[in-house]
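Asker: I'd like to ask some things about the structure below.
The values are calculated or read from the model by the stated rules, or taken from the named source; none is laboratory data. Note that the structure is a prediction, hence the values are computed from the model and not measured. Don't worry about glycine lacking a Cβ; one is built from the backbone with ideal geometry, like all the others, and counts go over all protein chains shown. Only protein heavy atoms, including side chains, enter the accessible area calculation; ligands, DNA and RNA are left aside. Shrake-Rupley method; radii C 1.70, N 1.55, O 1.52, S 1.80 Å.
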Amino acid sequence: MDKLVHVVDGQIVVSSMDIAKKFKKYHKHVLEAISKLECSDEFSQTNFRPREYVVRGRSYPSFDVTRDGFSFLCMGFTGKEAAKWKEQYIKAFNMMESELLKQNDKLEWKQARLQSKTVRKDGTDTIKNLVDYATYQGSSNEKLYIANITKMEYKALGLLDAYSKSDSNFRDTLDLMDLGFLIVAEQVAKQTLEEGMRRGSHYKDIYQFAKDRVMLYAEAIKLPKLVESSV
């Protein structure tokens, strides 16, 4: 069914030639019907895009027709056969649109995941600096810093409860929204750690400052998360 439509420049369209074929009309009559549509120039230019096709070295006109253009054009096609193809095309447009949305979501997630890796590396580098800083101040738990700060961020955002553990693939299981929230939380923690070290604060206070700020951020996004999840 998805072969009834195709994607051109990111938009789902159907060829005027295919419309003629499926609705059993001469292509020239479909072109005439398009030229006689009483729609605005803006609508026509947006939804009926001229395209040439070549047969035996000779060029002929045709149109790539969008969903709205198809609806406008074919609403006047009557009969059981026409009704059947209208239904088939509506389903095809819907299926292709759904597939494109999935592909876009995957692309956005991949981009966010790449960004999260950069932010994670920068944050880890800052925590390593904190380890040296805290060790100089007498800390003996420096090996736990990365794990503790990471888990603190996860728990604050509700990604993990107090008794859960994350594995190395945990971030790959997050959806786009949670991944975005985590990126910001890690940036908040990183900036706070750096600020505390610049001020010469005690390492325990620095950790607490970072935790407090991440918790404030998490509280601030709770409502947007609830609204999004209820849609």
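Asker: Quick one: which of 36/86; 25/80; 102/190; 25/102 span more than 23 angstrom between C-alpha atoms?
Answerer: Long pairs (Cα-Cα over 23 Å): 102/190; 25/102.
Asker: What distance in nm lies between label points placed 7 Å from Cα along the C-beta direction at residue 84 and residue 129?
Answerer: If labels sit at residue 84 and residue 129, their model points lie 7.1 nm apart.
Asker: How far, in degrees from 0 to 90, does helix 203-230 lean away from the longest principal axis of the Cα atoms of the chain, to the nearest 10?
Answerer: Once rounded, one gets 30 degrees.
Asker: Related question: Which percent of the Cα-Cα distances in segment 98-225 go past 24 Å?
Answerer: I get 31 percent for the Cα pairs in segment 98-225 exceeding 24 Å.
Asker: So for each of 186-192, 139-145, 35-41, 98-104 I average, over its residues, the number of other beta carbons within 10 Å; can you give me the resulting order with the highest mean first?
Answerer: Most protected by this proxy first, the peptides run 186-192, 139-145, 98-104, 35-41.
Asker: So which chymotrypsin sites (Phe, Trp or Tyr not before Pro) in segment 25-63 end up in coil per DSSP with only 10 or fewer other C-beta atoms within 10 Å?
Answerer: Those that pass, being in a loop and sparsely packed, are 26.
Asker: Leaving out ligands, DNA and RNA, what percent of the accessible area of the chain is carbon and sulfur, probe 1.4 Å?
Answerer: It is 52 percent, rounded to a whole number.
Asker: Skip the ligands, DNA and RNA, and give the accessible area per residue of the chain with a 1.4 Å probe, whole Å².
Answerer: 65 Å²
Asker: Starting at the first residue of segment 126-139, write each ³J(HN,Hα) from the Karplus equation 6.51 cos²θ - 1.76 cosθ + 1.60 with θ = phi - 60°, in whole Hz, x for Gly and Pro.
Answerer: 5, 5, 5, 5, 5, 4, 4, 4, 5, 4, 4, 8, x, 5
Asker: Let me ask something else. Give the whole-number value, in cubic angstrom per residue, of the convex hull volume spanned by the C-alpha atoms of segment 30-123.
Answerer: In segment 30-123, the Cα convex hull volume per residue is 171 Å³.
Asker: Once the dipole of the chain is set up with Lys and Arg at +1 and Asp and Glu at -1 on Cβ about the Cα centre, which of 33, 183, 46 lies farthest towards its positive end?
Answerer: About the Cα centre, the residue reaching furthest to the positive side is 33.
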